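Have a look at the structure below, then the notes.
Nothing in this text is a laboratory measurement; each read-out follows from the coordinates by a stated rule. These numbers were taken from a predicted model, which means no experiment stands behind them. FYI the Cβ positions are ideal-geometry reconstructions off the backbone, even for glycines, and counts take in every protein chain you see.
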Amino acid sequence: MAQTTHGVGGVSFDASKRTWPNEINVLLALVLITLVFEVLNRMDGGSFLFNTRANVDAIFNEQRINIILLQVAITGIIALGVTQVIILGGIDLSSGSVVGATAMIAMSFAQTAVVNGNPNPKAIFGDWAMDLPVIVPIAVGLGCGLVAGFINGFLVAFTRIPPFIATLGMMVSARGVAKWWSNGNPISFPTESYASLSNGDLLGSLTFGLLSWPGQNPAVVFVLLAVLLHLVMVYTVYGKRCYAIGSNEDAARMSGINVARHKVLVYSIAGMLAAVAAILLTSKNLTAQAGMGVMYELDAIAMAVIGGVSLAGGRGSIVGTVIGALIFSVIISGFTSIRLDAYYQEMVKGAIIVGAVVLDQWRQRRRAARS
Amino acid sequence: MKKTLIVAGVASLLATTAMAQNIGVTMALFDDNFLTVLRNGMVAQAESRGINLQVEDAQNDVAKQLAQINNFIASGVDAIIVNPVDTSATQAMTDAAAAAGVPLVYVNRQPINLDTLPDNQAFVGSNEIESGTLAAFEGCKLLRAAGKSNGAGIYILMGELSNQAAVQRTKDFDDIIGIDMCNFISVIDRQTANWSRDQAQNLMTNWLSSGAEFDAVFANNDEMAIGAIQAMKAAGISMEDVVVTGVDATQDALVAMQAGDLDVTVFQDAAGQGSGALDAAVRLAAGESVQTTIYIPFQLVTPANVADFLARN
């Protein structure tokens, strides 16, 4: 692993100025919110996290814990890419649309020829594209994400237009591609191997049957990618460069970082992560639709922001985003568990997003005043 | 030289009156499965009749849709077909077309000013009350047939809360549950999954994790019904024991029905509405009069007649 320069300008370690890592606060918020739902459920005679069914022998309510991870896994994977882009000082509005376009294109190479004994009613291409090996749609999907991300990065790095505009353009265009690809028709009925990407038991195959978590592959992929990208962001030059460029782009350039190249790289990776999300989403739902992924970019950004990633760049972490995603999910599951009327859910969700950032800003100011 | 110009001019005049048919269409949004079938039905019909169709996507934006209508009027189309984004915002559209004397046909979504439409305007669609009623009543009958008439719990999956069809279908479900024959049904919970399969899948899993006993899932559309089915199958629930109803009769739903997973859906003739709207627009443009409201009926789809619908949507 390459070594980077630490300890600049004679700043020495001062134990009194040490503060909690930001993630601890976010984690506390997660625990607090979970606790609130646990109490509300208890008042109703149930439980949020613990098993209350007499016919099941378990401490925890396993289904609840599974869904909490599973229902944010796909937007969470996008958020992992968005986190890197935001730390870099950019923004990616295109990820939801890239999911839509990738879903349509990848799925059309994953179809099966015969459904219930009839020819596939949703066939996009002829027989040559039917029952292809699963690697084909995966490669095509990842390729789509890579192209979209590369274009984003290229526009941001070399035309110097603001990332907001560059990725806004991609957001509109990629959605156009998603609708044009099959004239808005859904693409359904994938091969079994493609369906098993999300619905199989990846953890089982990875651990040679030691562990098993069937049907939860998006969650497994999310966790694996989060661990991997956390290590990358903390321990590699790649990660250090993201933080350096996000904190002070000019300083980063003058210290010899190829800023443009690094931006292209980060946006490309974000595009690929959106593609991974699209593949898992279509595999999980056994269908691709042009409207898939609408608003996912905003959910992903919200997860990062709740997790303490600063939109100003240079600050935040993968761990924070993962906790942010879990907060998101606990809120969704919690509302359903207490049977809160659907109308109120969105109102409260919006308030929590804004509240998280207000709290974070206040904490930042206080920290700045102290040092 | 002059003569040839005049001849050419007359010829082109004749040609335009002979074809006469430039029709502008503004759809609420393109990336909706049902509206896509409707749109494609309209386009196919127009092609076979040699009609010039210009189809625009209003992207769920009321203002954009009104602008598109005004643009159609400005470019002198013979008739306009509108699939309204917001059914309560149709008065302005009616006024704009009426002021310019251009015939206008609303399709699929019932305009709020239906009772006061001028003579050269019409509505082609289905009577929305039928769909939810048909589905819920059949679901109620299935529950009775399964011997659950002494009490049954159901979940209701609702579409987008701002959408008229979602509100109406949910109300129809409630009305059916209110009648004597079906009042053994009680609703455990109702939530929105925004018409989406993925959201319905997550929501159903959340419901399952609460462990409450239930007998049926009534969904506002097929996509959500399929999402619920996928969640229940993942949790190891036998689809024999649960009644699942949807609306729309999409291809995916019909396949789910053939596989024995979905019990009830309702066919709304999207292509029929599209070609019906086009037909009404052509006739209004030719100066004929048509009925103000043209209903294309809903049809109940069950495993018994599912084969008839496989090639329809």
Among B:Gln251, B:Phe173, B:Gly211, the residue whose Cα sits farthest towards the positive end of the charge dipole of segment B:129-267, when +1 is placed on the Cβ of each Lys and Arg and -1 on the Cβ of each Asp and Glu, is B:Gly211
With loop defined by DSSP as not H, G, I, E or B, and exposure as at most 14 other Cβ atoms within 10 Å, which is the longest segment of chain B clear of exposed GluC sites (Glu not before Pro)?
B:1-212
For the pair B:Ala307 and B:Glu288, the simple spin-label estimate (label points 7 Å beyond Cα toward Cβ) gives in nm 3.7
To the nearest 0.05, what FRET efficiency results for A:Asp341 and B:Ala100 with a Förster distance of 45 Å applied to their C-beta separation?
0.50
Restricting to Cα pairs below 8 Å that are 6+ residues apart, what does the relative contact order work out to for segment A:19-172? Please round to a whole percent.
20
Kirkwood hydrodynamic radius of segment A:220-371, from inverse mean 1/r over distinct Cα pairs, in Å
17.7
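What does the charge dipole of segment B:129-267 about its Cα centre add up to, to the nearest 20 debye, if the Cβ of each Lys and Arg holds +1 and the Cβ of each Asp and Glu holds -1? Each step should come with its number before you reach the end.
Details: 8 positive and 19 negative charges, 34 e Å.
Dipole size: approximately 160 debye.
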Fraction of alpha-carbon pairs over 23 Å apart in chain B - percent:
59
One finds, for B:Thr116 and B:Ala89 with R0 = 22 angstrom and r their Cβ-Cβ distance, a FRET efficiency to the nearest 0.05 of 0.90
With θ taken as phi - 60° and the coefficients 6.51, -1.76 and 1.60, list the Karplus ³J(HN,Hα) couplings across segment B:135-151 in order, rounded to whole Hz; mark glycine and proline as x.
5, 5, 5, 5, x, 4, 5, 5, 5, 4, 4, 7, x, 10, 6, 8, x
A correct Karplus calculation of ³J(HN,Hα) over segment A:153-169, with 6.51 cos²θ - 1.76 cosθ + 1.60, θ = phi - 60°, whole Hz and x for Gly and Pro, returns x, 4, 4, 5, 7, 10, 8, 6, 7, x, x, 4, 6, 4, 6, 5, x
Only Cα pairs within less than 10 Å get springs; with that Gaussian network setup on chain B, which residue of B:Pro103, B:Pro303, B:Pro84 has the largest fluctuation?
B:Pro303
For segment B:156-298, what value does the Rg/Rh ratio take when both radii are computed over Cα atoms and Rh is the Kirkwood radius, given to two decimals?
1.07
Once you've got the Cα coordinates, tell me which of A:Lys179/A:Lys284; B:Lys148/B:Lys233; A:Lys284/B:Lys148; B:Lys148/B:Lys171; A:Lys122/A:Lys284; A:Lys284/A:Lys349 are over 27 Å apart.
A:Lys284/B:Lys148
If you add up the charges near B:Cys182, with Lys and Arg at +1 and Asp and Glu at -1, over every other residue whose beta carbon is less than 10 angstrom from its beta carbon, what do you get?
0
Of B:Ala135, B:Ala271, B:Ala259, the most mobile residue in a GNM of chain B (C-alpha springs, cutoff 10 Å) is B:Ala259
Regarding segment A:69-161, what is the average projected area of its C-alpha convex hull, in nm²?
8.1
Under 8 Å for C-alpha pairs, at least 6 residues apart: give me the relative contact order for chain B, rounded to a whole percent.
19
Ellipsoid equivalent to the protein assembly as shown - semi-axes via the Cα gyration tensor, in Å
46, 35, 24
Karplus (6.51, -1.76, 1.60) ³J(HN,Hα), θ = phi - 60°, over segment B:27-34, in Hz, Gly and Pro reported as x
9, 4, 7, 7, 8, 10, 4, 5
10 Å binning of all Cα-Cα separations within chain A, expressed as whole percents from 0 upward
5, 21, 30, 25, 14, 4, 1, 0
Candidates A:Pro190, A:Pro214, A:Pro137: whichever shows maximal mean-square fluctuation once chain A is modelled as a Gaussian network with Cα springs under 10 Å:
A:Pro214
Farthest towards the positive end of the dipole of the protein assembly as shown, among A:His262, A:Phe48, B:Pro111 and with Cβ unit charges of +1 on Lys and Arg and -1 on Asp and Glu, lies the Cα of A:His262
